[in-house]
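Worksheet: the structure to be examined is printed underneath.
No lab work stands behind these numbers, since they all come straight from the coordinates. Every value quoted in this text rests on a predicted model; they were computed, and no experiment measured them. Here Cβ is always computed from backbone atoms with ideal geometry, including for glycine, and neighbour counts include all displayed protein chains.
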Amino acid sequence: MLVVVGGDGSVNEVANAIAGDERVELAVVARGTGWDFARSLGIPRRLADAARVALGGDVRAIDLGRADFRTWAGEEASAYFANAASAGMSGAIAQRANETTKALGGKVSYLWATFAVFARWQNTAVEVAVDDERRDGQMHDVVVANGRYLAGGMRLCPEAAPDDGVFDALLIGDLTKRDLLVTMPKTYRGSHLPHPKAELLRGRVVTVDAPEPLPIQLDGEQPGTTPVRFEVVPRALRVRVPRTP
């Protein structure tokens, strides 16, 4: 058993090291700014409860995502993600959140970064494919969710399941400031869908491209830009989760 004490970035680092290794079971003690991976799997944040899950919880084999992308230097690269990835404005939001103070916690850090980045963000035409479904148009973001929580507790894809063999891909269109202000509180309850400027698709492979490279994020880390290809890697990580009643 390998115990990770940290947030989503720590889980991401470990997942990239042990992906597909059936000998290893991962337990998580949630700390750090973002702990959306633990939220998505129902792993408690309280230390004693998390320790009990690590010692006596069930083992759940979950999917990972694999991303093929361009590094900031323009080279081709690949990496795994455990909970969620995206391309577009959210990549810039994750970078802003990581560069600023996190003393007030993950939720406040992401909210502050969202409004700061949104105020200056310029949308561009984006081409997206989710398996055989293709979309193009002005978009703020393409979210590729393996788990239901991301960005400090937002339930952007409230029905995403980490072991169903598909991603929930949320395409977020050309939002106005009013759209953001009205919709953002609903994302924490998972009640923002359906929305006239968003579309939810499901599939095993998601590709995103744009005329100008867009930043991507993998579990809150910012390794590079589009063009990017996300693919499900079925049941590639074994995690200790709370026992089923």
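Sequence-distant contacts, meaning Cα pairs under 8 Å at least 6 residues apart, place the relative contact order of region 169-245 at 26 percent. Projecting the Cα atoms of 79, 59, 89 onto the charge dipole of region 47-97, computed from C-beta unit charges around the Cα centre, puts 89 farthest toward the positive end. From least to most packed, judged by other beta carbons within 10 angstrom and beginning with the fewest, 192, 140 follow the order 192, 140. Reported value for the chain: 120 Å³ per residue, from the convex hull of its C-alpha atoms.
Across the options 34, 129, 217, the greatest Cα extent toward the positive end of the charge dipole of the chain (unit charges at beta carbon of Lys, Arg, Asp, Glu) belongs to 34. With the simple model of a label 7 Å out from the Cα in the direction of the Cβ, residue 78 to residue 181 spans 4.6 nm. The slack in the chain from residue 58 to residue 23, taken as 0.36 nm per residue of separation less the alpha-carbon distance, amounts to 11.1 nm.
Quick one: dipole size for the chain, taken about the Cα centre, charges +1 on Lys/Arg Cβ and -1 on Asp/Glu Cβ, in debye to the nearest 20. Please list the in-between numbers first.
Values: 29 positive and 31 negative charges, 244 e Å.
Here the chain has a charge dipole of around 1180 debye.
For region 202-233, backbone nitrogen atoms closer than 20 Å to the point 7 Å from residue 71 Cα along Cα-to-C-beta are found at 213-230.
Out of region 3-39, which trypsin sites (Lys or Arg not before Pro) are coil in DSSP terms and have no more than 16 other C-beta atoms within 10 Å? Let's see the in-between values first.
On the way: sites: 23, 31, 39; in loops: 23, 31.
Within region 3-39, the qualifying trypsin sites (Lys or Arg not before Pro) (loop, at most 16 other Cβ atoms within 10 Å) are 23, 31.
Our estimate of slack between residue 13 and residue 51, defined as 0.36 nm per intervening residue step minus the Cα-Cα distance, is 11.6 nm.
Can you give me the relative contact order of the chain as a percent, contacts being Cα pairs under 8 Å and 6 or more apart? Walk me through the intermediate numbers first.
On the way: 581 pairs, mean separation 74.0, N = 245.
This gives 30 percent for the chain.
Of all beta bridges that DSSP places with both ends in the chain, some 90 percent have antiparallel geometry.
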